[in-house]
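J.: One structure coming up, written as structure tokens, with questions to follow.
The values are calculated or read from the model by the stated rules, or taken from the named source; none is laboratory data. Just so it is clear, the model here is predicted, and its values are computed rather than measured. All Cβ positions, even for glycine, are placed from backbone atoms using ideal geometry, and neighbour counts span all protein chains on display.
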């Protein structure tokens, strides 16, 4: 298997055309709330553009796909759930739990964008047929990937099927650690990336939502990776403190992208510790977080594909 760095220098983002509250998705996402405001789409686009600009200014290459307004795809702003990219040239398409989200998989448009940007897709793994079996696995929302160690972490929920998480591992050469994490009402946390993130040398984890049976094995596994563990509490999880991503600038320096709400909720000692692993780049996205129930990590599909070798 091709060795991969944890952080990527290029990301995919999808500019929304019909952002809004998605009632069906909200059945499993306790973070999403309906808004009575009439300009949700306008505000979401402004927040999206602000994040894209902040990333570009930090030296991150941002590839943009434009969503189409028809058919309506209220969650199109979160592409990391339907696609992931890997250093051996593999692109993976994922089975989505709701019908509206399945419409987001713009594979042909995406591959055209990747080719024009100099990236090479050598292998396509399409897991979407498992939707017919009511098995779902929503990309790097469901899977937290330790790319250098070929390790995948998956918190089980209606959107994250145990068999499919392990099938991903079999197909792409990852070992898999399954866990159970729940909110204070006993409801499964809908995506793993809400409670855990991994950088090259750090991990951010809300330990209290992981059930007692799985907590010690998870912490032990993270410690075995040599990462420094930054623990956040339940209230900080609600402000998306774990929903961040380490990237790499053009100069190769680590950049940690997160929302302004996530940054504000960190204690001073937590912030200083996180800053020791990379430059913090934040952007305010309150509409996206409040209505969509996802944050910065959800908005970014990190691209690890090889570049096309120019002809001599």
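J.: Among the residues in the stretch 254-266, are any modelled with pLDDT of 95 or more, assigned to a helix (DSSP H, G or I), farther than 18 Å from residue 233 by Cα and touching a helix residue (DSSP H, G or I) at 6+ places or on another chain (Cβ under 9 Å)?
T.: Within the stretch 254-266, the first condition is being modelled with pLDDT of 95 or more, and the residues that meet it are 254-266.
So of that shortlist, the ones also assigned to a helix (DSSP H, G or I) come out as 260-265.
From what is left, the residues that are farther than 18 Å from residue 233 by Cα are none.
Taking every residue of the stretch 254-266 in turn, none turns out to be modelled with pLDDT of 95 or more, assigned to a helix (DSSP H, G or I), farther than 18 Å from residue 233 by Cα and touching a helix residue (DSSP H, G or I) at 6+ places or on another chain (Cβ under 9 Å).
J.: Moving to a separate point now. Residue 208 passes all but one of (1) closer than 23 Å to residue 135 by Cα; (2) not in a loop (DSSP other than H, G, I, E, B); which number fails?
T.: Single failed check for residue 208: (1).
J.: Sticking with this structure for a sec: Where the second residue is assigned to a loop (DSSP other than H, G, I, E, B) and the first is without any contact (Cβ under 8 Å) to a residue 60 or more places away in the chain and lies in the stretch 223-238, which pairs have Cβ atoms under 6 Å and are six or more apart or on separate chains?
T.: Qualifying pairs under 6 Å: 227/201; 232/206; 232/241; 237/206.
J.: Follow-up question, since we're still on this one. Of these, 134, 126, 88, which one is closer than 25 Å to residue 309 by Cα and modelled with pLDDT of 95 or more? Full working, then the answer.
T.: Details: 134 fails: closer than 25 Å to residue 309 by Cα; 126 fails: closer than 25 Å to residue 309 by Cα.
The unique qualifying residue is 88.
J.: Please state which of the following conditions residue 216 fails to meet, knowing it meets all the rest: (1) under 16 Å from the mean Cα position of the chain (by Cα); (2) over 24 Å from residue 55 (Cα atoms); (3) assigned to a helix (DSSP H, G or I).
T.: The single condition residue 216 does not satisfy is (1).
J.: Now for a different question. Only one of these is in a strand (DSSP E or B), modelled with pLDDT of 95 or more and under 16 Å from the mean Cα position of the chain (by Cα): 55, 63, 51. Name it.
T.: Going through 55, 63, 51 in turn, the sole match is 63.
J.: Moving on. Given the condition assigned to a helix (DSSP H, G or I), surrounded by 24 or more Cβ atoms within 10 Å (Cβ to Cβ) and touching a helix residue (DSSP H, G or I) at 6+ places or on another chain (Cβ under 6 Å), answer yes or no: does some residue in the stretch 274-288 qualify? Steps first, please.
T.: Pass one, the stretch 274-288, residues assigned to a helix (DSSP H, G or I): 274-275, 286-288.
Subsequent filtering for residues that are surrounded by 24 or more Cβ atoms within 10 Å (Cβ to Cβ) retains 288.
Then keep just the ones that are touching a helix residue (DSSP H, G or I) at 6+ places or on another chain (Cβ under 6 Å); that gives 288.
The answer is yes; a qualifying residue exists.
J.: Need the failing condition index for residue 30 against (1) at pLDDT below 90; (2) buried (at least 18 other Cβ atoms within 10 Å of the Cβ), just the number.
T.: (2) is the only condition that residue 30 fails.
J.: Does residue 165 satisfy the criteria of being crowded, with 16+ Cβ neighbours inside 10 Å, at pLDDT 95 or above and assigned to a strand (DSSP E or B)? Don't jump to the end; show me each part of the working.
T.: Details: crowded, with 16+ Cβ neighbours inside 10 Å: yes; at pLDDT 95 or above: yes; assigned to a strand (DSSP E or B): no.
No; evaluated as a whole, the condition is false for this residue.
J.: Considering only the stretch 128-160, state which residues are more than 17 Å from residue 99 (Cβ to Cβ) and assigned to a loop (DSSP other than H, G, I, E, B).
T.: Those that are more than 17 Å from residue 99 (Cβ to Cβ) and assigned to a loop (DSSP other than H, G, I, E, B): 147, 148, 149, 150, 156.
J.: So, residue 228, is that one surrounded by fewer than 18 Cβ atoms within 10 Å (Cβ to Cβ), farther than 15 Å from residue 154 by Cα and out of contact with any strand residue (DSSP E or B) (no Cβ under 7 Å at 6 or more places or on another chain) or not? Reasoning before the result, please.
T.: Values: surrounded by fewer than 18 Cβ atoms within 10 Å (Cβ to Cβ): yes; farther than 15 Å from residue 154 by Cα: yes; out of contact with any strand residue (DSSP E or B) (no Cβ under 7 Å at 6 or more places or on another chain): no.
The answer is no for residue 228.
J.: Just one of the numbered conditions (1) farther than 26 Å from residue 244 by Cβ; (2) crowded, with 16+ Cβ neighbours inside 10 Å is not true of residue 129; which one?
T.: Checking residue 129 against (1) farther than 26 Å from residue 244 by Cβ; (2) crowded, with 16+ Cβ neighbours inside 10 Å, the one that fails is (2).
J.: Still on this model: Criterion first (surrounded by fewer than 17 Cβ atoms within 10 Å (Cβ to Cβ) and part of a helix (DSSP H, G or I)) does residue 250 satisfy it?
T.: On the way: surrounded by fewer than 17 Cβ atoms within 10 Å (Cβ to Cβ): yes; part of a helix (DSSP H, G or I): no.
Criteria not met by residue 250.
J.: Looking at 118, 139 in this structure, which one is closer than 13 Å to residue 79 by Cβ and in contact (Cβ under 8 Å) with a residue 12 or more places away in the chain? First the steps, then the outcome.
T.: Numbers: 118 fails: closer than 13 Å to residue 79 by Cβ.
That would be 139, the only listed residue that is closer than 13 Å to residue 79 by Cβ and in contact (Cβ under 8 Å) with a residue 12 or more places away in the chain.
J.: Name every residue in the stretch 289-312 that is under 15 Å from the mean Cα position of the chain (by Cα) and in a helix (DSSP H, G or I), in order of residue number.
T.: Pass one, the stretch 289-312, residues under 15 Å from the mean Cα position of the chain (by Cα): 289, 292-304.
289, 292, 297, 298, 299, listed by residue number.
J.: Could you look through the stretch 190-209, keep only residues that are free of Cβ contacts under 8 Å to residues at least 40 places away in the same chain and in contact with a strand residue (DSSP E or B) (Cβ under 7 Å, 6 or more places away or on another chain), and pick out the one that is farthest from residue 151 (Cα to Cα)? Steps first, answer last, please.
T.: Initial filter on the stretch 190-209 (free of Cβ contacts under 8 Å to residues at least 40 places away in the same chain): 203, 205-209.
From the residues that got through so far, the ones that are in contact with a strand residue (DSSP E or B) (Cβ under 7 Å, 6 or more places away or on another chain) too are 203, 205, 207, 209.
Numbers: 203: 14, 205: 16, 207: 19, 209: 21 Å.
Filtering the stretch 190-209 for residues that are free of Cβ contacts under 8 Å to residues at least 40 places away in the same chain and in contact with a strand residue (DSSP E or B) (Cβ under 7 Å, 6 or more places away or on another chain), the one farthest from residue 151 (Cα to Cα) comes out as 209.
This table checks each residue for (1) under 24 Å from residue 259 (Cβ atoms); (2) at pLDDT 95 or above.
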| residue | (1), (2) |
| --- | --- |
| 176 | no, yes |
| 180 | no, yes |
| 184 | yes, no |
| 191 | yes, yes |
| 195 | yes, yes |
| 198 | yes, yes |
| 202 | yes, yes |
| 205 | yes, yes |
